[in-house]
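Every number in this text was worked out from the coordinates using simple rules, so none of it is lab data. Bear in mind that the values here come from a model prediction, so they are computed numbers and not experimental data. Ideal geometry is used to build each Cβ from the backbone, glycine not excepted, and the neighbour counts take in all protein chains shown.
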Amino acid sequence: MPKLLVVAVLGLTSLALAQQQDFSKVQIKVTKVSGNIYMLQGAGGNIAASVGEDGIVIVDDEFAPLADKIATALKDIGVTDKPVRFVINTHYHGDHTGGNLPFGNKGSTIIAQDNVRKRLESGSKGGNGGAMVFEQKPEQKAALPIITFDHDVTVHLNGEDIRALHYPAGHTDGDAIIFFPKANVVHMGDDYVRYGFPFIDVTAGGSVQGMIAACEGAIAQLPADVKVIPGHGELSNVDEVREYIRMLKETSAAVQNELNAGKGLDQIKKDKVLAPWEKQYASKSLTTDLFIETLYNSLTNQKNAPFVKHN
Ligand SMILES: [Zn+2]
């Protein structure tokens with residue numbers, strides 16, 4: 001796994017990352033997805049952009065030091081000289097919101113689910129409820145979402161009804177999946193990623209059950225040929241999302257079986273219950289044992305799982 005993803009997965013703050021990573025080498029790759037929707041990839045989470053005569057809306061904004069490059073790449077698409085009017089954050093993590101400050105300072109209006117603003121404003125602890133732990137510092141005022149929503153919000157621009165829909169307790173407690181119905185594109189945020197076993201921020205209210213529900217809920221209302229922008233990784237499709245959901249369900253069930261048999265976390269790791277998925281999904285930063293721990297903490301947080309005590 002490239003270093004970038006390691007850092008992204010561990011969710012280090014943009015500041016911490018800026019100190020250890022040389023952003024001067026990062027180039028922004030622009031991919032036309034469909035209609036007037038583009039995908040931008042540099043470092044951190046993928047960006048979706050609606051670029052049209054009314055201006056620009058972006059979904060997520062990577063890291064602060066990349067803001068100028070992102071703005072230039074958007075301009076170079078050649079459709080408009082108008083600025084980024086709106087930034088929609090899919091969740092609070094610094095590799096998706098790090099550019100909020102520079103874009104906010106330049107006049108972009110930042111939109112996010114209520115819990116994203118709370119976590120950005122106060123700072124937030126994150127992690128998988130076990131060995132993965134990080135802390136994200138409070139953000140300056142200009143980096144905070146100005147418009148927040150509980151369930152959903154729609155931005156009507158460039159002839160598109162861009163809809164952000166909240167799915168609770170998935171990757172975090174403030175996730176939004178963003179739909180571009182006219183162009184037939186969806187940005188899944190980090191509820192769907194392509195770097196292997198996903199990071200689930202159990203500490204910030206995430207859960208594997210919510211992640212599964214988010215992915216299933218999203219694809220249930222999408223055409224089979226929708227273009228899927230994952231939180232991280234290359235452009236994708238519904239079939240690949242279904243395969244990911246299957247992996248999440250099967251690995252959860254494998255850990256749940258062990259829980260039902262009264263086994264503890266250490267024993268579940270020793271039993272290597274996720275061995276069948278290891279080759280395809282384990283990475284350096286999200287090892288099989290870390291994912292077992294993530295699932296364990298996620299599943300034992302359930303209200304209807306009184307047979308296991310949470311450690
Ligand atoms: Zn994330």
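Scanning segment 238-269 for residues that are among the hydrophobic types (A, V, I, L, M, F, W, C) and over 13 Å from Cys215 (Cβ atoms), which turns out farthest from the chain's Cα centre (by Cα)? Explain how you work it out, then say what you get.
At the first step, the residues of segment 238-269 found to be among the hydrophobic types (A, V, I, L, M, F, W, C) are 238, 241, 245, 247-248, 253-255, 259, 261, 265, 268.
Keeping just the survivors that are over 13 Å from Cys215 (Cβ atoms) gives 253-255, 259, 261, 265, 268.
On the way: Ala253: 23, Ala254: 25, Val255: 24, Leu259: 28, Ala261: 33, Leu265: 26, Ile268: 28 Å.
Here the answer is Ala261.
Would you please name the residue that is farthest from Gly126 (Cα to Cα), looking only at residues in segment 181-205 that are within 11 Å of the chain's Cα centre (by Cα), within 12 Å of the ligand (Cβ to nearest atom) and not in a helix (DSSP H, G or I)?
Checked segment 181-205; the qualifying residue farthest from Gly126 (Cα to Cα) is Met188.
Considering only segment 199-221, how many residues are crowded, with 21+ Cβ neighbours inside 10 Å and either touching a Phe, Trp or Tyr at 6+ places or on another chain (Cβ under 8 Å) or without any contact (Cβ under 8 Å) to a residue 12 or more places away in the chain (or both)?
5
When you scan segment 227-246, how many residues do you find that are within 16 Å of the ligand (Cβ to nearest atom) and not in a loop (DSSP other than H, G, I, E, B)? Don't jump to the end; show me each part of the working.
The initial filter retains those residues of segment 227-246 that are within 16 Å of the ligand (Cβ to nearest atom), namely 229-233, 244.
Narrowing further to those that are not in a loop (DSSP other than H, G, I, E, B): 229, 244.
Of the residues in that region, 2 qualify.
Got a number for residues in segment 247-271 being surrounded by 13 or more Cβ atoms within 10 Å (Cβ to Cβ) and not in a helix (DSSP H, G or I)?
Residues meeting the conditions: 3.
Please go through segment 125-180 and give me each residue that is in a strand (DSSP E or B), surrounded by fewer than 20 Cβ atoms within 10 Å (Cβ to Cβ) and under 15 Å from the mean Cα position of the chain (by Cα), ordered by number.
Those that are in a strand (DSSP E or B), surrounded by fewer than 20 Cβ atoms within 10 Å (Cβ to Cβ) and under 15 Å from the mean Cα position of the chain (by Cα): none in segment 125-180.
Tell me whether segment 74-93 contains one or more residues that are more than 23 Å from Asn237 (Cβ to Cβ), charged (D, E, K, R) and within 16 Å of the ligand (Cβ to nearest atom).
No, every residue in segment 74-93 fails to be more than 23 Å from Asn237 (Cβ to Cβ), charged (D, E, K, R) and within 16 Å of the ligand (Cβ to nearest atom).
The conditions are (1) more than 15 Å from the chain's Cα centre (by Cα); (2) within 14 Å of the ligand (Cβ to nearest atom), and Ala224 fails exactly one of them. Which is it?
Checking Ala224 against (1) more than 15 Å from the chain's Cα centre (by Cα); (2) within 14 Å of the ligand (Cβ to nearest atom), the one that fails is (2).
Take segment 35-52 and flag every residue that is within 21 Å of the chain's Cα centre (by Cα) and more than 16 Å from the ligand (Cβ to nearest atom).
If the condition is that a residue be within 21 Å of the chain's Cα centre (by Cα) and more than 16 Å from the ligand (Cβ to nearest atom), then Ile37, Tyr38, Met39, Leu40, Ala49, Ser50 are the ones that fit.
Any idea which of Ile88, Ile56 is closer than 19 Å to His156 by Cβ, within 18 Å of the chain's Cα centre (by Cα) and crowded, with 24+ Cβ neighbours inside 10 Å?
Numbers: Ile56 fails: within 18 Å of the chain's Cα centre (by Cα).
Ile88 is the lone residue from the list that is closer than 19 Å to His156 by Cβ, within 18 Å of the chain's Cα centre (by Cα) and crowded, with 24+ Cβ neighbours inside 10 Å.
Name the residue, out of Leu286, Leu222, that is in a loop (DSSP other than H, G, I, E, B), closer than 24 Å to His187 by Cα and in contact with a strand residue (DSSP E or B) (Cβ under 9 Å, 6 or more places away or on another chain). Write out each step before concluding.
Values: Leu286 fails: in contact with a strand residue (DSSP E or B) (Cβ under 9 Å, 6 or more places away or on another chain).
Step by step, each of Leu286, Leu222 is checked, and only Leu222 is in a loop (DSSP other than H, G, I, E, B), closer than 24 Å to His187 by Cα and in contact with a strand residue (DSSP E or B) (Cβ under 9 Å, 6 or more places away or on another chain).
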